[in-house]
1. Can you confirm whether residue A:198 is buried (at least 21 other Cβ atoms within 10 Å of the Cβ), touching a strand residue (DSSP E or B) at 6+ places or on another chain (Cβ under 6 Å), more than 9 Å from chain B (Cβ to nearest Cβ) and part of a strand (DSSP E or B)?
2. Out of A:62, A:40, A:118, report the one residue that is more than 25 Å from residue A:192 (Cβ to Cβ), surrounded by 14 or more Cβ atoms within 10 Å (Cβ to Cβ) and assigned by TED's automatic domain parsing to the domain that holds residue A:217.
3. For segment A:49-106, what are the residues that are part of a helix (DSSP H, G or I), touching a helix residue (DSSP H, G or I) at 6+ places or on another chain (Cβ under 6 Å) and within 14 Å of another protein chain (Cβ to nearest Cβ)?
4. Just for segment A:211-236: of the residues that are touching a residue at least 12 places away in the same chain (Cβ under 8 Å) and more than 10 Å from every other protein chain (Cβ to nearest Cβ), which one is surrounded by the most Cβ atoms within 10 Å (Cβ to Cβ)?
5. How many residues are assigned to a strand (DSSP E or B), within 24 Å of the chain's Cα centre (by Cα) and either within 14 Å of chain B (Cβ to nearest Cβ) or surrounded by fewer than 18 Cβ atoms within 10 Å (Cβ to Cβ) (or both) if we restrict to segment A:144-164?
6. Taking the condition of being closer than 17 Å to residue A:266 by Cβ, exposed (fewer than 13 other Cβ atoms within 10 Å of the Cβ) and in contact (Cβ under 8 Å) with a residue 12 or more places away in the chain, how many residues in segment A:237-251 meet it?
7. Could you go through segment A:168-191 and let me know if any residue there is more than 10 Å from chain B (Cβ to nearest Cβ), part of a strand (DSSP E or B) and touching a helix residue (DSSP H, G or I) at 6+ places or on another chain (Cβ under 7 Å).
8. I want to confirm something. Restricting to segment A:254-280 and keeping residues that are more than 7 Å from chain B (Cβ to nearest Cβ) and not in a helix (DSSP H, G or I), which single residue is farthest from the chain's Cα centre (by Cα)?
């Protein structure tokens, strides 16, 4: 393995790295003050709590077609941090960011489930990728403004009966769009130059799922939690089960009975049954008795299966409604 | 009453499984259209602060 001499030197003395990082934090503070990020974050918090974009002057200006503030925000960020990383190539820009062969994205500001992102897609790299096979619908709201570059896209809409309708369109600088991610997804077909966009994302509340469909025939390929909190809770429930934490059974029973994602609730129910048969079975019976609960049918089937396997459970089962 | 001990792993899953946040069958482009990538990133800079 070859190590760059600058990286090798850091093994014995990390002071240059710390200095570089300190410098980037100073740049971050200065940029936040210049760009009014605190004000934007307070508007993002209001947006996440349900305020309409039109009532938030800073954010709505960023997504107004003729307003110069979006370009000023992006230019100010790029100029300041490109210069800073140029001076200290080992520093990490202290904002969430992601880079691969095709895409670069940085989160400029975030509050709750709302975030402002600057994204770039490299057209030449995109052309080397194989054509996309699937499209995913994430239940989130996206406002998008094209700052530079242009693209050919396919807009894919999902109707109630999961039929994918595909339409070709173009993205050009200055375009502003709003998309309900649960019903509409974009597939980039080609990009001329580098497509730079400013995006405002409002993520779905807990319980929703992202669905991925095959473009060719609209078959459901995969579904996943649309909010990281659901996955965190599911992992915590599994961990409590493996640790044999019987004291957690009442909390898991409550999770299973709450309104929330069906996947998370079912896993909480399974773990609860494993930890405390009585508490888990009571939750199972309560869910099976709710006619409007999406888990009522599988819960009823599981109750019948458990009573057949363990007849003792029939003694504590309430009469089915 | 003596109740049986149930093995959680023997209990059935729902018909359609829900994967963890950010999981996809064909990652490719789907990540371009939402904020998953930026949420999943590793917080390298926070370790360096």
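The values are calculated or read from the model by the stated rules, or taken from the named source; none is laboratory data. Bear in mind the structure is a predicted one, so any value in this text is a computation, not a measurement. Positions of Cβ are backbone-derived with ideal geometry, glycine not excepted, and every protein chain shown enters the neighbour counts.
1. Working: buried (at least 21 other Cβ atoms within 10 Å of the Cβ): yes; touching a strand residue (DSSP E or B) at 6+ places or on another chain (Cβ under 6 Å): yes; more than 9 Å from chain B (Cβ to nearest Cβ): yes; part of a strand (DSSP E or B): yes.
It is true that residue A:198 is buried (at least 21 other Cβ atoms within 10 Å of the Cβ), touching a strand residue (DSSP E or B) at 6+ places or on another chain (Cβ under 6 Å), more than 9 Å from chain B (Cβ to nearest Cβ) and part of a strand (DSSP E or B).
2. Values: A:62 fails: more than 25 Å from residue A:192 (Cβ to Cβ); A:118 fails: more than 25 Å from residue A:192 (Cβ to Cβ).
Answer to the check: A:40.
3. Listed by number, the list holds a single entry, A:84.
4. A:233
5. Here the count works out to 10.
6. Number satisfying all stated conditions: 0.
7. Yes: one or more hits.
8. A:276
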